[in-house]
Amino acid sequence: MTATRQLRLGAFMRPVSIHTAWWRYPGSAPDANFNLGHLVAFARTLERGCFDAFFMADHLAVLNMPMEALKRSATVTSFDPLTLLPALAMVTERLGLIATASTTFEPPYTVARRFASLDHISNGRAGWNLVTTSNPDAALNFGQTEQMAHDERYRRAREYFDVVTGLWDSWADDAFTRNVGTGQFFDPDRLRVLDHRGEFFSVRGPLNIARPVQGWPLIVQAGASEAGRQLAAETAEMVFTGQGTLAEGQRFYADVKGRMERIGRNPDHMKILPGVLVVIGDSVEEAREKRAHLDSLVNEDSAIASLSIALGHDASAFDPDEPLPEVPESNASKSGRERAIALARREGLTVRELARRLGGYSGLAMVGTPATIADEMEHWLEARGSDGFNVMFPYLPGGLDAFVDRVVPELQRRGIYRRAYEGATLRENLGVPRPSNRFFR
Ligand SMILES: Cc1cc2nc3c(=O)[nH]c(=O)nc-3n(C[C@H](O)[C@H](O)[C@H](O)COP(=O)(O)O)c2cc1C
């Protein structure tokens, strides 16, 4: 009898909610995104709910919208992911800890060292969300005058992956002999100097920290363009996506897993997790009212700003009561732009209506009772639309507590979600193998 497919759950923490108005919702902790006490409590609640991972999104620029919108945004202050997650590692035992780091702006040697450190500190629970940074304003914070072109960003990311994983393979797992008698601390035959020279990087190595507990921290990605999908198929073990419908999810799933098979990778060694906003009520009606109230807290300026970011184009110039005009391509997010335009065309929305939809959160949402939400999640899992979800909570702590106290038990009752962690490391709990070392057997 084949084992029932198990749902994988990540928590999309930014580091709190993705919804623009989460901090204004009754019962929310408005300072939660910059209050360690709250974040520790959220991490412990996620572990109580047996979540696979706390995923911390991250952006390297603040001024990416007009001040009228920015002054209403809670995203302007948050901890550096690789400073916060080691702290959360000290108050959890099994929860995976996935941090975002950019291949366009951070040096690979530093990124390799920081994720190896997190993996050792957390006893094997680290994951790296490898992003190329689609936000054009970040370049101005790193001494550049304009954003690197989309395809160049992805070529650079591919080489970057080889450098970082090569540095993680610098030391064999048994390199450190620490022989007090002979005074030899490590075996030189179990060390390899990388000496990488490529189009974008020249990195000698070795890395100044032992091989991570998991061999490599888990490799995560979130690109969806042609280049993004190919990079994921070649390198990723978890992919966060923004698909808004089951049909889109199934197409993406088949595409990326098909690419993996064509290059000889086992498709089970990647978990595809669409982002989903989950709003829970005692009835579907009550849940919808909660969502409507949350969306009503989004200011028009914030809504237009969110639309501009999604389109990679200033939407404040458009007539808000007219349909969305033609929007030229940009260097920013390709899949984000395509999704916004598709939504406007599919539902015949005016610029104002589209902005309202994108203002709060425009992606996939499950709004209902614990049973209807579990129905939808089970359906996506069985229909190969995903391997699980990257859950976005509408407000915290209330939206998170309700999910762990009411939806998780329903998923467990159906036998599609764990009641206890299977192993000690993020990879063991996900069923993703520990990578072998390219230099040592
Ligand atoms: C669920 C999800 C989470 C993401 N998290 C981040 C993030 O934390 N930081 C970031 O710079 N980009 C993030 N992105 C953006 C992606 O890394 C990528 O730039 C974007 O999806 C566009 O990719 P594409 O141009 O290949 O379509 C995220 C995207 C998705 C769908």
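How high is the FRET efficiency from GLN144 to THR4, r the C-beta distance, R0 60 Å, rounded to 0.05? Don't jump to the answer; show the numbers that get you there.
Working: r = 49 Å, r/R0 = 0.82.
Efficiency for this residue pair is about 0.75.
For the chain, modelled as a GNM with alpha-carbon contacts under 10 angstrom, which of PHE240, PHE403, PHE105 fluctuates the most?
PHE105
Starting from the 7 Å offset along Cα-to-Cβ, what nm value, one decimal, do you get for the label separation of HIS293 and ASP314?
3.8 nm
Can you tell me the mean projection area, over all orientations, of the convex hull of the range 156-296's alpha carbons? Units nm², please. Could you put the intermediate results ahead of the total?
On the way: hull surface 57.1 nm².
Mean projected area for the range 156-296: 14.3 nm², to one decimal.
Rank-order 160-170, 431-441, 326-336 by packing density, defined as the average count of other C-beta atoms within 10 Å over each peptide's residues, highest first.
Working: 160-170: 23.0, 431-441: 14.4, 326-336: 15.9.
With the highest mean Cβ count within 10 Å placed first, the list reads 160-170, 326-336, 431-441.
For ASP268 and ARG48, calculate 0.36 nm times their separation in residues minus their Cα-Cα distance, and state this gained length in nm to one decimal.
Working: separation 220, 0.36 × 220 = 79.20 nm, distance 2.59 nm.
Using 0.36 nm per residue and subtracting the Cα-Cα distance, I get 76.6 nm.
Straight-line reach from LYS71: which lysines have Cα under 30 Å away, leaving out those fewer than 8 places along the same chain?
Cα-Cα hits under 30 Å: LYS290, LYS334.
Express the carbon and sulfur contribution to the solvent-accessible surface of the chain as a percent, rounded to the nearest whole number, probe 1.4 angstrom.
Working: 9440 of 18370 Å².
Carbon and sulfur: 51 percent of the exposed surface of the chain.
Compute the acute angle (0 to 90°) between the alpha-carbon long axis of helix 300-311 and the principal axis of greatest extent of the alpha-carbon atoms of the chain; round to the nearest 10°.
Approximately 50 degrees, to the nearest ten.
Take every DSSP beta bridge with both residues inside the chain and express the antiparallel ones as a percent of the total, to the nearest 5. Working shown, then result.
Numbers: 5 of 39 bridges.
For the chain, the DSSP antiparallel bridge percentage is about 15.
Given the rule -39500 (n - 2.57) for each run of at least 4 DSSP H residues, summed and divided by the residues of the chain, what is its mean residue ellipticity at 222 nm, to the nearest 500 deg cm²/dmol?
Numbers: 15 runs with 164 residues, N = 441.
Here the helix-only value at 222 nm equals -11000 deg cm²/dmol.
Ranked by accessible surface with a 1.4 Å probe, highest first, in what order do GLU261, GLU285, GLU159, GLU300 come? Could the numbers behind the result be given before it?
On the way: GLU261 120, GLU285 100, GLU159 25, GLU300 65 Å².
Output order, biggest surface exposure first: GLU261, GLU285, GLU300, GLU159.
For the chain, what value does the Rg/Rh ratio take when both radii are computed over Cα atoms and Rh is the Kirkwood radius, given to two decimals? Could the numbers behind the result be given before it?
On the way: Rg = 21.8 Å, Rh = 22.6 Å.
The Rg/Rh ratio comes out at 0.97.
Across the range 113-165, what fraction of all alpha-carbon pairs, as a whole percent, falls in each successive 5 Å bin from zero upward?
4, 17, 20, 19, 17, 13, 8, 2, 0
Just to verify a number: FRET efficiency for GLU382 and ASP255, C-beta to C-beta distance, R0 = 22 Å, to 0.05?
Efficiency at R0 = 22 Å is approximately 0.70.
With everything on Cα atoms, drop me the angle between helix 108-121 and the longest principal axis of the chain, reported from 0 to 90° to the nearest 10.
It is inclined by approximately 90 degrees.
Among the aspartates and glutamates, select those whose C-alpha is under 16 Å from the C-alpha of LYS257, and discard any that sit fewer than 8 residues away in the same chain.
GLU226, GLU234, GLU237, GLU248, ASP268, GLU382, ASP387
Heavy-atom accessible area per residue, the chain, 1.4 Å probe: how many Å²? Each step should come with its number before you reach the end.
Values: 18370 Å² over 441 residues.
Spelled out: the 1.4 Å probe surface of the chain, per residue, equals 42 Å².
Tell me the volume per residue, in Å³, of the convex hull enclosing the alpha carbons of the range 226-370.
Details: hull volume 17.6 nm³, N = 145.
Spelled out: Cα convex hull of the range 226-370, divided by residues, is 121 Å³.
Between SER330 and VAL193, what length comes free when the chain is fully extended (0.36 nm per residue of separation minus the Cα-Cα distance, one decimal in nm)? Show your work: numbers first, answer last.
Details: separation 137, 0.36 × 137 = 49.32 nm, distance 3.99 nm.
Working it through step by step, the gained length comes to 45.3 nm.
Please give the Cα centre distance for the range 119-191 versus the range 3-60, rounded to the nearest Å.
Centre-to-centre (Cα) distance: 26 Å.
Using only Cα atoms, find the angle between the long axis of helix 334-347 and the longest principal axis of the chain, and express it within 0 to 90 degrees, rounded to the nearest 10.
Taking the Cα atoms of the chain, the angle to 334-347 is about 20 degrees.
Which FRET efficiency value, to the nearest 0.05, is calculated for ALA342 and SER117 with the Förster distance at 35 angstrom and r the Cβ-Cβ distance?
Efficiency for this residue pair is about 0.25.
The values are calculated or read from the model by the stated rules, or taken from the named source; none is laboratory data. Keep in mind it's a predicted model, so treat the numbers as computed, not measured. FYI the Cβ positions are ideal-geometry reconstructions off the backbone, even for glycines, and counts take in every protein chain you see. SASA here: full protein model, heavy atoms, side chains in, ligands and nucleic acids out. Shrake-Rupley method; radii C 1.70, N 1.55, O 1.52, S 1.80 Å.
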